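Enquirer: After the structure tokens below, expect a handful of questions from me.
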Amino acid sequence: MIRVAVAGAAGRMGATVCGAVAGAEGMELAGRADPALGVELVDLLRGVDVVVDFTVPDTALGNVQACLEAGVHAVVGTTGFDLDAARRAAAKSASANCFVAPNFAIGAVLLMMVAQTIAPHMPECEVIELHHDRKLDAPSGTAKRTQELIDAAGGNVHQPIHSVRLPGIVAHQEVIFGGEGQTLSLRHDSIDRSSFMPGVLLAVRRVAELPDRFTVGLEKLL
């Protein structure tokens, strides 16, 4: 049984994660941390195997450091925080791993992988990402990760990202490739937060067995 605590449990993503963990075979929801609930994450770490973090950029790094120091694996969906600092904290850990995914929707990750395949042949492209108006970071972690993968595959041509923030949107991304006399578009739409849950649960099940202390990208688990 994997004992899981959720940081940011009162938020929309955190609440969805709590429901998914509570209903997952082989998992136990061991705690919910959130300022709105009056519960600090550090008070839940004893006896917990994995913490799933969907908080805010200013909080995520401290949560990761607290988890690793306590020997608790961290699965992080928060974006916009200092990944290099998290990587350094993970390198010091003796027994716990940190897994970060800019996007836990398997379809979004497949879009990134396909974009990597296209980039060497059509290196000129632009990324458009659309999220709800309460998302704190822009561009999104998904868009930056997509740009990074495309740049590496297409010869390090830095591609523009366009960010849209509007109410009524969940999470959407499009990559448009352009070539002589043609275009090629890839698009992924998350119309409900449940789309992220299979990826979150996969990461919770796999984080303990990762070969590296710090891992970025759900594609590493597919």
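Enquirer: So, in the stretch 34-64, how many residues would count as being under 19 Å from Phe104 (Cβ atoms) and touching a strand residue (DSSP E or B) at 6+ places or on another chain (Cβ under 6 Å)?
Expert: Residues meeting the conditions: 9.
Enquirer: Tell me which residues, restricted to the stretch 1-11, are in contact with a Cys (Cβ under 8 Å, 6 or more places away or on another chain) and either within 18 Å of Leu136 (Cβ to Cβ) or in a loop (DSSP other than H, G, I, E, B) (or both).
Expert: Ala9, the sole residue that qualifies.
Enquirer: Here is a list: Gly23, Gly38, Gly62. Which entry is of a type outside the set (A, V, I, L, M), within 16 Å of Phe99 (Cα to Cα) and surrounded by fewer than 20 Cβ atoms within 10 Å (Cβ to Cβ)?
Expert: Gly62
Enquirer: Quick one: Val42 ticks every box in (1) among the hydrophobic types (A, V, I, L, M, F, W, C); (2) in contact (Cβ under 8 Å) with a residue 40 or more places away in the chain; (3) out of contact with any Asp or Glu (no Cβ under 7 Å at 6 or more places or on another chain) bar one, so which box is it?
Expert: Result: Val42 fails condition (2) only.
Enquirer: In addition: Any idea which of Pro120, Pro102, Pro57 is under 27 Å from Gln173 (Cβ atoms), without any contact (Cβ under 8 Å) to a residue 60 or more places away in the chain and either outside the structural domain of Arg206 (by TED's automatic domain parsing) or not aliphatic (A, V, I, L, M) (or both)?
Expert: Checking each option against the conditions leaves just Pro120.
Enquirer: Can you tell which of Gly14, Gly107, Gly71 is in a helix (DSSP H, G or I), surrounded by fewer than 17 Cβ atoms within 10 Å (Cβ to Cβ) and at pLDDT 95 or above?
Expert: Step by step, each of Gly14, Gly107, Gly71 is checked, and only Gly107 is in a helix (DSSP H, G or I), surrounded by fewer than 17 Cβ atoms within 10 Å (Cβ to Cβ) and at pLDDT 95 or above.
Enquirer: Further, regarding this structure: Of the residues Gln159, Gln173, only one is among the polar types (S, T, N, Q), modelled with pLDDT under 95 and either surrounded by 13 or more Cβ atoms within 10 Å (Cβ to Cβ) or touching a Cys at 6+ places or on another chain (Cβ under 9 Å) (or both); which?
Expert: The conditions single out Gln159.
Enquirer: Out of all the residues in the stretch 127-152, which are modelled with pLDDT of 95 or more and of a type in the set (Asp, Glu)?
Expert: Listed by number, the list holds a single entry, Glu129.
Enquirer: Condition test on Asp84, is it exposed (fewer than 15 other Cβ atoms within 10 Å of the Cβ), of a type in the set (Asp, Glu) and assigned to a helix (DSSP H, G or I)?
Expert: Taking the combined requirement at face value, the residue satisfies it.
Enquirer: Another one. Looking at this structure, is Glu180 buried (at least 16 other Cβ atoms within 10 Å of the Cβ), among the charged types (D, E, K, R) and over 19 Å from Met13 (Cα atoms)?
Expert: no
Enquirer: May I ask you to say which residue of Arg145, Arg193 is in contact (Cβ under 8 Å) with a residue 24 or more places away in the chain, among the basic types (Lys, Arg), buried (at least 18 other Cβ atoms within 10 Å of the Cβ) and under 25 Å from Asp84 (Cβ atoms)?
Expert: Arg145
Enquirer: So, in the stretch 110-124, of the ones that are aliphatic (A, V, I, L, M) and assigned to a loop (DSSP other than H, G, I, E, B), which residue ends up farthest from Thr146 (Cα to Cα)?
Expert: Met122
Enquirer: Name the residue that is farthest from Val64 (Cα to Cα), counting only residues in the stretch 90-104 that are at pLDDT below 95 and crowded, with 23+ Cβ neighbours inside 10 Å.
Expert: Asn103
The values are calculated or read from the model by the stated rules, or taken from the named source; none is laboratory data. Quick caveat, the model's predicted, so the values are computed rather than measured. Ideal geometry is used to build each Cβ from the backbone, glycine not excepted, and the neighbour counts take in all protein chains shown.
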